[in-house]
1. Under 9 Å between Cβ atoms, which residue pairs at least 6 apart in sequence (or on different chains) link something in region 7-18 that is touching a residue at least 40 places away in the same chain (Cβ under 8 Å) with a partner that is basic (Lys, Arg) and assigned to a loop (DSSP other than H, G, I, E, B)?
2. For region 85-139, enumerate the residues that are within 13 Å of ALA70 (Cα to Cα) and among the β-branched types (Val, Ile, Thr).
3. For residues that are in a strand (DSSP E or B) and not β-branched (Val, Ile, Thr), scanning just region 122-141, find the one that is surrounded by the fewest Cβ atoms within 10 Å (Cβ to Cβ).
4. Identify the residue in region 53-68 that is of a type outside the set (Val, Ile, Thr) and at pLDDT 95 or above and, among all such residues, is farthest from ARG109 (Cα to Cα).
5. Against the conditions (1) out of contact with any Gly (no Cβ under 7 Å at 6 or more places or on another chain); (2) farther than 27 Å from GLU145 by Cα; (3) among the charged types (D, E, K, R), where does ASP17 fall short? Just the number, please.
6. For region 66-107, name all the residues that are surrounded by 21 or more Cβ atoms within 10 Å (Cβ to Cβ), closer than 17 Å to ASP17 by Cβ, of a type in the set (Val, Ile, Thr) and more than 9 Å from the chain's Cα centre (by Cα).
7. Any residue in region 134-160 that is more than 21 Å from VAL104 (Cβ to Cβ) sitting within a Cβ distance under 6 Å of a residue that is part of a helix (DSSP H, G or I) and β-branched (Val, Ile, Thr)? List the pairs, counting only those 6 or more apart or interchain.
8. Could you grab me the full set of residues in region 142-151 that are assigned to a helix (DSSP H, G or I) and not charged (D, E, K, R)?
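The values are calculated or read from the model by the stated rules, or taken from the named source; none is laboratory data. From a predicted model like this one, the values you see are computed outputs, not experimental measurements. Note: ideal-geometry Cβ built from the backbone for every residue, glycine included; neighbour counts use all protein chains shown.
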Amino acid sequence: MIIRGKIHLFKDDIDTDKIIPGPYLRTTDPYELASYCMYGIDRDFPGKVREGDIIVAGENFGCGSSREQAPLSIKYCGIKAVVAESFARIFYRNAVNIGLIPVVCRGIRRYVKEGDILEIHLERRVIRVGDRELPCEVPQGIAWEILKAGGLVNYAKKMRGELNGR
């Protein structure tokens, strides 16, 4: 699988309060959450995103609270994957569980700028930007199976169907 999209570039330590600030958590509608995605940094962010775009960030992306609305708002805003130098552990797992692809690529911000086109070659575990290829870490094992199913709920439904002979 290859993901190709325009880069939206962020710095280090982007916490979940910046991704989806607390006052906007009163809804369970993922599209309403998406309308406030990255509101703590850039209130215009949802209007800049096109379906399939990619967030690229520095260290510790998704730190802070364990709110799963953060990756949910990113996914429903149209972002297909988040590439970061590192992730907060709970954000990473929440991203996998809701079907947002988290990719670790050390030093990525040295090679990209806002608006560049990035390709993530998931099976080859490389990121391509311009004529440069960088190694990356993509989810493996059960995490990859969950992502291929579109998230944990879909994975559980699939497994239940297989277990019941469907």
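1. ILE7/LYS113; LEU9/LYS113; THR16/ARG67; ASP17/ARG67
2. Within region 85-139, ILE90, VAL96, ILE98 meet the criteria.
3. ARG132
4. Within region 53-68, the match that is farthest from ARG109 (Cα to Cα) is CYS63.
5. (1)
6. none
7. Filtered contacts from region 134-160: TYR155/ILE146.
8. ILE142, ALA143, TRP144, ILE146, LEU147, ALA149
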